[in-house]
1. Tell me the label-point distance for the pair Ala281, Asp260, using the 7 Å Cα-to-Cβ offset, in nm and rounded to one decimal.
2. Give me the distance in nm between label points sitting 7 Å out from Cα along the Cα-to-Cβ direction at Arg252 and Asn219, one decimal.
3. On the first, second and third principal axes, largest extent first, how far apart are the outermost C-alpha atoms of the range 87-138 in Å?
4. Mind giving me the FRET efficiency for Met113 and Ser134? R0 is 22 Å, r the Cβ-Cβ distance, nearest 0.05 is fine.
5. Once you have the alpha carbon radius of gyration of the range 114-224, what is it after dividing by 2.2 N^0.38 Å, with N set to its residue count?
6. Give me His149, His138, His94 ranked fewest to most by other Cβ atoms within 10 Å of their Cβ, as a rough exposure proxy.
7. For the range 79-88, what does the Karplus curve 6.51 cos²θ - 1.76 cosθ + 1.60, with θ = phi - 60°, yield as ³J(HN,Hα) per residue in whole Hz, taken in order and with x for Gly and Pro?
Amino acid sequence: MTQSNAGTGEQRARVPARWGWVSLALVSLVACQAPTPRVFQSLTRTDSRPTMTIVLINYLIENPPDFSAIYYSFSDGPCTSSLVGTKVLLTAGHCVPEGGGNVTLQTSFGPIMGTCKRSRAVDLALCALNDEPSGAIHETINSDGSLLHDQQVLLLSGFGCTKPHGANTYDPEFRIGLASIAGLPAGQSTAIKTSGGAVTCEGDSGAPGFAIDDTAAANPLLPGAFTRRMIVGVSVLGDEETSSTLVSTSARAVQNFFQDWTYNSGLKICGFNREAESCRAPPGK
């Protein structure tokens, strides 16, 4: 994630925001025909990599467990994912091979295997896990487009690069930052456009963009400011300098994908299925 350089007058080509998976575990996606999914070591506050931090545009957020349902992988192109229900991972479609793929979460209790399916209509994928990471509070997705409005402040996130075009190496820092909605889905479009503040960068694909309380937007350094949040979109594209694009979770094509996937898998998504369990409270609740 980079900081917006709006107003410089310099235009850059838009590139996919390629990310990894967040906080307490690492994820690897591999093609179905691969004999063994790649497995990454768990990453927790007590691991041998204590430098992992959560950064809010030049400020340090000192409570990584607040984002314990976010996972990353630096394998085969970095990407980010979110646990959005019991045994359910959500990520960008281009983070998964064309026909689907296998996923392995290496947790402190051992590896958890799963299978991913890409949407044919939008750049999203859902993964069905064989087991559930212990103690996670699942992120809740937004299914109501009327809750979004122009200039609304969102919280963007990810493990991507911090300089345009991946000029720096990736590190174990999960970064979050504020940006405002500059465009909403219309017609057949599923895109939420943001501008100003934080901008997605290479490595940020699949990362969640959250709706947050107005108080959190105005005072982001307050303890627990982002405890109540809700995924409104998934990062798929950014110009790395001024704007970002997210696939809206409330868009009709996305809701249709969720409907088909939950019906076929028998699993439940927080914010989509009332029966979903251990879901994070959304803003204002």
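All of the numbers you see were taken from the coordinates with simple rules; none came from a lab. These numbers come from a predicted model, not from an experiment. Positions of Cβ are backbone-derived with ideal geometry, glycine not excepted, and every protein chain shown enters the neighbour counts.
1. 3.7 nm
2. The modelled label-to-label distance comes out at 4.2 nm.
3. Extents along the principal axes: 34, 20, 14 Å.
4. Values: r = 16 Å, r/R0 = 0.71.
Step by step, r from the Cβ atoms, then E = 0.90.
5. Working: Rg = 15.8 Å, N = 111, 2.2 N^0.38 = 13.2 Å.
Cα-based Rg divided by the globular estimate yields 1.20.
6. Working: His149 8, His138 24, His94 20.
Neighbour counts put them in this order, fewest first: His149, His94, His138.
7. Working through the residues one at a time gives 8, 10, 9, 10, 7, 10, x, 4, 6, 10 Hz.
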